Amino acid sequence: MRILFASILCLFLVLALTTVCMATSEDEVTSKISEANNALREAFKTVLEAEEAGANVSGLVAKLNEAGGFLSEAEMAYRNGDLDKAVSETAKCLTIANGILGDALALKSSALEDAQIMRTHTLLFSFAGAVVSVVGLFLVWVRFKPFYVRKLLKMKPEVASNAKD
Amino acid sequence: MLRIEDYKAIFAAVGLIGVLLSASPSLGLVLHLPSGEKFSELWILGPSRMAEGYPFNVKAEEGYLVYVGVGNHMGSSVFYVVYVKFRNQDEPLPNVTARTPSPLEPLYEYRIFLENGKSWEAPLTFSFSDVSFFENRSLVGIIKINDVTFHVDKLASWNVNGTGYYYQLFIELWIYNVEVEITQFHNRFVGIWLNMTVSL
């Protein structure tokens, strides 16, 4: 009787322990997937900022797609109960997403620098163009005005032919 | 002959045009012209990558192929999620008026990052197994999408009007909203009807 009771107790303990382990494991997977999802979103946001700064982000978008593929595999594996696959795919996604984040930040800062230089050049050239245009026109005007006056003085006065008596 | 005041006005106008032309690159930095309409495309093509030859009469243990595509015209790079869902004719589709997705659990999914003006297309293969028919009903036990197995246990009643057991494989387009930092239903979905038939 004692042996039977001890066996049942052991079985119960093993079952309880397994359930606790399973639950912890599932929680871990959920939290890892969530972490990978956040890392991917953060990486995308930084890539978007780099793109807005004028950087060519084609290479980074290709990497984002690779990471996104791993995260999708992880989500589907999790939904199908394949926790091991979910964990390994999530880890692959996290590694790529973290790499993208660093690359995107570097690309963004270099694109911002380039954009600042370009903006300065544009403003300088615009200002110089406007000044050259105004000065050039003023010089033409200075030469044109005496020419116009000379031409006006050379003109013969016309007698009005339709004047009434 | 024009008067000196007229020439003055012409010179002033030419000067103003010259200044505006010279300043136009700088004005471009400040003034932003309105961009065109922003939208996304979502499509399903048949096995020949044309809008024809879609699988319709399907049976167990046979593979089928369609192509899923997304196009980005949103003005910048976008993070899309494409969910593949499977339903019988009684289960709800997304509600385009209320802008809500179908409450059904997604089976397969694609996460896609697309630059503006680019499109993406991928094959979607599917097959059914564990299919049974009884009392004017059909039961699909398993659907395999791109070699991933999903246990669905989906029942369909005999459709008297269409004379078949109708299921629908449909895809929903979701988009990641950077401002609120959530993935939202993008109010676009497409699907194909499937009539489950008996394997001979």
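Overview of results
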{"item": "Rounded to the nearest 20 debye, dipole of the protein assembly as shown from Cβ charges on Lys, Arg, Asp, Glu", "result": "2260"}
{"item": "Rough spin-label spacing in nm, given labels placed 7 Å along Cα→Cβ, for residue B:147 and residue B:48", "result": "2.8"}
{"item": "Gain upon complete extension [residue B:125, residue B:12; 0.36 nm per residue less C-alpha separation]", "result": "33.7 nm"}
{"item": "Lys/Arg +1, Asp/Glu -1 at C-beta; the protein assembly as shown dipole; positive extreme among B:177, A:152, B:142", "result": "A:152"}
{"item": "For residue B:188, residues with placed amide H under 5 Å, excluding near neighbours", "result": "B:173"}
{"item": "Residue-by-residue Karplus 3J(HN,Hα) for the range B:95-108, coefficients 6.51, -1.76, 1.60, Hz, glycine and proline x", "result": "9, 5, 5, 7, 6, 10, x, 5, x, 5, 5, x, 9, 8"}
{"item": "Helical mean residue ellipticity (222 nm; -39500 (n - 2.57) per DSSP H run of 4+; nearest 500) of the protein assembly as shown", "result": "-17500 deg cm²/dmol"}
{"item": "Cβ-Cβ FRET estimate between residue B:159 and residue B:116, R0 fixed at 45 Å, reported to 0.05", "result": "0.60"}
{"item": "Listed residues B:127, A:31, B:74: farthest to the positive end of the dipole of the protein assembly as shown (Cβ charges)", "result": "B:74"}
{"item": "Built amide H within the under 5 Å cut-off of residue B:124, gap 5+", "result": "B:66, B:67, B:68"}
{"item": "Amide H contacts of residue B:107 (H built 1.01 Å from N, under 5 Å, at least 5 apart or other chain)", "result": "B:84, B:85, B:86"}
{"item": "Net dipole in debye of the range B:39-196 [+1 Lys, Arg Cβ; -1 Asp, Glu Cβ; about Cα centre; nearest 20]", "result": "200"}
{"item": "Neighbour-limited loop hits for trypsin sites (Lys or Arg not before Pro), the range B:110-157 (at most 16 other Cβ within 10 Å; DSSP other than H, G, I, E, B)", "result": "B:118"}
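Rule-based calculations on the coordinates, nothing more; no lab input. Worth saying up front: this structure is predicted, and the values here are computed from it rather than measured. Here the Cβ is made from the backbone with ideal geometry for all residues, glycine too, and neighbour counts use every protein chain on show.
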